[in-house]
Each structure stands twice: as C-alpha cells, then as structure tokens.
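The values are calculated or read from the model by the stated rules, or taken from the named source; none is laboratory data. All figures in this text were calculated on a predicted structure; none of them were measured in a lab. Using ideal geometry, Cβ is built from the backbone for each residue, glycine included, and neighbour counts are taken over all protein chains shown. The area values use the complete protein model at the heavy-atom level, side chains included, leaving out ligands, DNA and RNA. Shrake-Rupley method; radii C 1.70, N 1.55, O 1.52, S 1.80 Å.
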Amino acid sequence: MTVVVATGNAGKIREIEEALGGLPWTLQGLGDVPLPPETGATYEDNAALKACAAALVTRLPALADDSGLEVEALGGEPGVYSARYGGVGSDVERNVLILERLRRETNRRAKFVSVVILAYPDGHLETYRGELHGTLLEGPRGENGFGYDPLFVPDGDTRTLAEMTVAEKRAISHRGRALAALMDAHRSGPPPRQTSTVE
Ligand SMILES: O=c1[nH]cnc2c1ncn2[C@@H]1O[C@H](COP(=O)(O)OP(=O)(O)O)[C@@H](O)[C@H]1O
Ligand SMILES: [Mg+2]
C-alpha cells in the first residue's frame with residue numbers, strides 16, 4: 001500500500017522512513033498538500049488533524065506524528081507546544097530557551113512523547129504511542145537528530161540522542177517505539193479495525 005507521510009519535519013521523515021523500511025509500503029511525501037494548524041489540546045488530536053487532512057486530500061492512507069518534550073521542572077512544558085515553544089523560530093533558539101529556564105534547576109528529568117496516527121480516507125484511525133524518559137544536560141552535545149535531541153540523554157545511556165545514529169535512536173526512542181507498535185500491528189496485513197494504543 002502507498003502511505004503518505006504527513007509531516008514537513010525533515011528529521012521526522014528521516015526517522016519514519018528508516019523505521020518503516022521493513023514494511024512493504026511505498027512512502028510518499030506530502031508534496032504541496034497543506035497541513036492544518038495544530039489547534040488540538042493533545043498529541044492525539046494534533047496527529048489526527050494532520051493525518052486526516054492528508055488522507056482526505058490524497059485519498060490515500062496517511063501517517064502523522066505529533067510529539068513533544070515534557071520537562072518535569074517546567075510542569076510538563078513545552079509538551080504539545082514543543083514545536084512553537086517561546087514563539088522562537090529555530091531548534092537552537094528553543095534549546096537555548098529551555099536551558100535558560102532550567103538554569104540552577106537540579107531536577108533535569110524529562111520525557112519525550114510521540115503519538116503516531118495512521119488515518120484512512122474513510123475516516124478510520126489507528127493510534128500508536130511511545131515515550132522515552134531521560135535527563136537534560138546543561139549544554140548541547142552532538143550533531144545528529146533534530147529539535148531537543150542535543151540536550152537529551154536517555155535513561156541507560158551516556159550519549160545524547162544527537163550523538164546517536166538514526167538506527168540507534170529508533171531502537172529506544174518515543175517515535176521508534178510508536179512506529180515499532182505500528183509495524184507489529186501490520187506484520188501480517190492491516191490489523192482488525194479497532195484503535196490500538198501502545199505505551
Ligand atoms: O525525537 C525528537 N527529538 C527532539 N525533539 C523532538 C523530537 N520529537 C519531537 N521533538 C520536538 O517537539 C516538536 C514536535 O513538533 P510537532 O510534532 O508539533 O510538529 P512538527 O512536525 O511540525 O515539528 C519538534 O519540532 C521538536 O522540537
Ligand atoms: Mg505539535
């Protein structure tokens with residue numbers, strides 16, 4: 001089956017293509033299909049908005065990820081607003097902002113959350129979720145990945161996500177886990193029609 005990857009985020013596209021290599025799917029980019037504004041209050045709402053919009057326009061199944069970083073000492077911020085945090089324009093600026101807000105803060109605990117939704121043109125949705133717990137450094141390390149990766153050291157490792165390859169990150173990450181659950185569900189064809197959520 002041909003599946004539209006409903007994101008303009010180059011880092012996510014790279015990770016989704018690498019992760020889904022084992023499925024007999026042809027992945028197609030968004031082309032000039034516009035994505036709606038993220039007006040939802042939850043990752044699930046926003047992922048559904050993006051996936052449904054792409055599925056409706058293309059008449060193909062479409063996959064979207066909505067994700068975010070939840071910082072304990074910031075009461076779970078930036079969370080659903082991770083992509084627009086502080087209203088600043090770049091990943092580097094958002095990293096600087098997080099570091100400033102956490103200056104002198106000893107609780108560096110945080111988690112990434114990813115919700116992946118596969119939407120079919122008839123309106124049916126499959127939902128998959130993954131989380132990754134870890135700590136935030138006091139300065140960036142590593143050149144790979146995107147977003148907050150240079151600040152985030154997953155539990156059980158000493159490297160940041162930005163010091164890992166795409167495959168190493170996928171094996172442990174929030175998005176990798178959500179996509180692994182999707183792959184499991186699709187291993188022998190499309191799963192029976194009921195919403196599946198995996199932590
Ligand atoms: O795996 C990750 N590593 C680093 N940052 C991430 C990751 N997943 C999500 N984020 C952060 O959360 C934001 C999630 O953005 P969102 O899912 O709303 O839309 P986007 O696809 O337009 O970026 C990203 O822009 C990034 O800042
Ligand atoms: Mg979002």
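Angle check, please: helix 174-185 long axis (alpha carbons) against the longest principal axis of the chain (alpha carbons), in degrees 0 to 90, nearest 10. Roughly 20 degrees, rounded to the nearest 10.
Stokes-Einstein diffusion for the range 55-120, with the hydrodynamic radius set to the Kirkwood value over Cα pairs and evaluated at 37 °C in a medium of 0.692 mPa s, equals 243 µm²/s. Direction-averaged projected area, Cα convex hull, the chain: 10.7 nm², rounded to one decimal. Based on protein heavy atoms only, the chain ends up with 47 Å² per residue of surface accessible to a 1.4 Å probe. The value of relative contact order for the range 20-74, using C-alpha pairs under 8 Å at least six residues apart, is 27 percent. The Cα-based radius of gyration of the range 97-156, divided by its Kirkwood radius, gives an Rg/Rh of 1.15.
Shown here for the range 52-139: chymotrypsin sites (Phe, Trp or Tyr not before Pro) in loop regions (DSSP other than H, G, I, E, B) with at most 12 other Cβ atoms within 10 Å, of which there are none.
Each principal axis of the Cα atoms in the range 140-182 has its own extent, and those three values, largest first, are 31, 20, 15 angstrom. Backbone N atoms of the range 79-114 closer than 15 Å to the 7 Å Cα→Cβ label point of Arg14 belong to residues 91-92. Under 18 Å from the 7 Å Cα→Cβ point of Ala83, by amide nitrogen: which residues of the range 95-115? So the set is 95, 112-115. So for the range 62-199, averaging the separation of alpha carbon pairs under 8 Å that are six or more residues apart and normalising by length, what relative contact order in percent results? Rounded, it is 22 percent for the range 62-199.
Per residue of the chain, the DSSP helices (runs of n ≥ 4 H) give a summed -39500 (n - 2.57) that works out to -8500 deg cm²/dmol at 222 nm. Taking the Cα centre of the range 1-57 as reference, the dipole from Cβ charges on Lys and Arg (+1) and Asp and Glu (-1) amounts to some 80 debye. In plain terms, the chain from Ala41 to Asp157 could stretch by 38.6 nm, reckoned as 0.36 nm per residue minus the Cα-Cα distance.
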